[in-house]
1. For residues that are under 30 Å from A:Asn111 (Cα atoms) and surrounded by 14 or more Cβ atoms within 10 Å (Cβ to Cβ), scanning just the stretch A:50-67, find the one that is nearest to the other protein chains (Cβ to nearest Cβ).
2. Out of the stretch A:194-241, which residues are touching a residue at least 24 places away in the same chain (Cβ under 8 Å) and among the polar types (S, T, N, Q)?
3. Could you look through the stretch A:37-48, keep only residues that are of a type outside the set (S, T, N, Q) and touching a residue at least 40 places away in the same chain (Cβ under 8 Å), and pick out the one that is surrounded by the fewest Cβ atoms within 10 Å (Cβ to Cβ)?
4. I'd like to verify a number: residues in the stretch A:97-117 that are of a type outside the set (A, V, I, L, M, F, W, C) and part of a helix (DSSP H, G or I), how many?
5. In this structure, is A:Ser10 at pLDDT below 90 and hydroxyl-bearing (Ser, Thr, Tyr)?
6. Can you name every residue in the stretch A:47-61 that is at pLDDT below 90 and in a strand (DSSP E or B)?
7. Do you know which residues across the stretch B:77-120 are buried (at least 18 other Cβ atoms within 10 Å of the Cβ), closer than 23 Å to A:Ile192 by Cα, without any contact (Cβ under 8 Å) to a residue 60 or more places away in the chain and among the aliphatic types (A, V, I, L, M)?
8. With the condition kept exactly as written, say whether any residue in the stretch A:68-88 is of a type in the set (Lys, Arg) and more than 14 Å from every other protein chain (Cβ to nearest Cβ).
Amino acid sequence: MIKLFNYAISIGEEMLISGAEVHRVEESITRMCRAFGAARTDVFIITSSMVVTIHTPNGETYTQTRRVINSSTNFEKLHLLNDLSRKICQKAMTEQEIEEKFNEAINCKKNSFFLEFVSCAAIAGAFTLFFGGNLTEAAISFFVGAIVKLGIHFCGKITQSKIFDKFLAATIATSLAFIAVKIGWISSVDMIIIGNIMSLIPGIGLTNALRDLFTGDSISGLLRLIEAALIALSIAAGYFLVAFLGGFAL
Amino acid sequence: MTTAEIIQILSGFVGSMGFAVLFNIRGKRFVAVSIGGLISWLLFVILSKFISNEPTNYFIVACALSAYSEIMAILLKSPTTTFITTALVPLIPGGSLYYTMAYAFQGNMTTFLQKGIYTLQLAAALALGIIVSSTITRIIHKIIKQKTGLL
């Protein structure tokens with residue numbers, strides 16, 4: 001039974017890592033534990049930590065904490081885990097079946113680096129057009145987006161810090177935009193930077209933060225809000241750094 | 001509809017697709033999310049013909065798109081977050097955030113504050129729209145459960 005509870009907690013943990021909201025994870029864990037025969041389940045989750053206490057029908061209690069350090073949005077994994085937790089609640093599954101499905105979800109198919117690389121570039125190019133840039137600006141933005149992605153990819157392996165990553169990305173994007181202006185391909189850096197900012201800014205983080213706050217998960221909401229604010233500041237810092245050092249007129 | 005608006009709608013669509021790839025959304029959900037990205041800005045452009053206040057438009061579009069996301073979540077049996085976060089990408093106020101930053105750099109306090117508050121207004125309108133829609137969905141869920149006696 002304890003092994004089954006362990007699975008319930010692990011499924012919840014992986015859901016949280018792949019981008020589920022806090023109250024959804026709390027609900028899923030509670031439901032799964034109930035399906036496994038828990039008399040009572042107390043779950044408390046914030047974005048970086050989980051505490052789960054399970055009371056078995058014969059009076060034993062079982063508590064576990066998990067520290068959730070990094071998160072990377074992966075909706076395919078979330079979909080598979082969500083499916084698994086639904087199935088567990090609907091019918092009794094054997095331990096082996098659960099393990100198999102769980103591993104399947106963890107090792108789900110991911111897009112190749114090349115495809116991610118191209119889509120990063122496409123996002124930058126598309127949003128340059130979106131905010132009113134012309135075709136030259138969009139083309140430059142496309143290449144800048146690609147270089148930014150490469151930069152994050154290689155430095156992210158060393159730093160492991162989201163905030164530093166965004167700072168670096170903003171620095172690269174701004175310097176390349178200024179260089180393009182200096183060469184004379186474009187007249188203003190605005191559109192290039194806006195296009196590249198779109199994939200960096202914590203718009204999703206901010207929306208999730210406000211949603212968490214409104215649904216009553218105040219601590220998670222505040223944590224996400226602070227994270228979003230720090231990311232926005234680090235983007236601005238990257239931009240300021242280049243603009244000051246370069247001494248270009250804006 | 002002007003050419004600029006059509007370009008905006010199409011590039012918002014491409015942007016949403018790009019984010020769907022980054023977030024590893026596959027199969028039918030990828031199609032649903034991309035269409036969501038397309039209609040979010042289409043709706044915004046149509047609404048802006050009638051309502052000139054941008055935050056209000058953001059709020060309405062966010063409401064509509066979260067309703068779309070909730071429906072897709074039920075049809076495709078996947079968490080709502082998947083659809084909302086990706087379909088609403090064209091509405092992220094990246095442009096106005098950038099100008100906030102640029103004005104701060106120029107030391108232009110008045111315009112900086114104006115733009116900054118405006119950016120916050122847009123973000124708040126977006127979040128509020130999502131919350132209103134998801135709250136209504138939750139109430140409907142509860143009513144259906146009570147009526148069918150599943151509770």
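The values are calculated or read from the model by the stated rules, or taken from the named source; none is laboratory data. What you are looking at is a predicted structure, and each value in this text was computed from that prediction instead of being measured. Every residue, glycine among them, receives a Cβ derived from its backbone with ideal geometry; neighbour counts consider all protein chains shown.
1. Among those that are under 30 Å from A:Asn111 (Cα atoms) and surrounded by 14 or more Cβ atoms within 10 Å (Cβ to Cβ), it is A:Met50.
2. Listed by number, the residues that qualify are A:Asn196, A:Ser199, A:Asn208, A:Thr215, A:Ser220, A:Ser234.
3. Residue satisfying both the conditions and the ranking: A:Ile46.
4. Looking only at that region, the number is 7.
5. On the way: at pLDDT below 90: no; hydroxyl-bearing (Ser, Thr, Tyr): yes.
No; evaluated as a whole, the condition is false for this residue.
6. None; the set is empty.
7. If the condition is that a residue be buried (at least 18 other Cβ atoms within 10 Å of the Cβ), closer than 23 Å to A:Ile192 by Cα, without any contact (Cβ under 8 Å) to a residue 60 or more places away in the chain and among the aliphatic types (A, V, I, L, M), then B:Leu88, B:Leu91, B:Ile92, B:Leu97, B:Met101, B:Ala102, B:Ala104 are the ones that fit.
8. No, the conditions are met nowhere in the stretch A:68-88.
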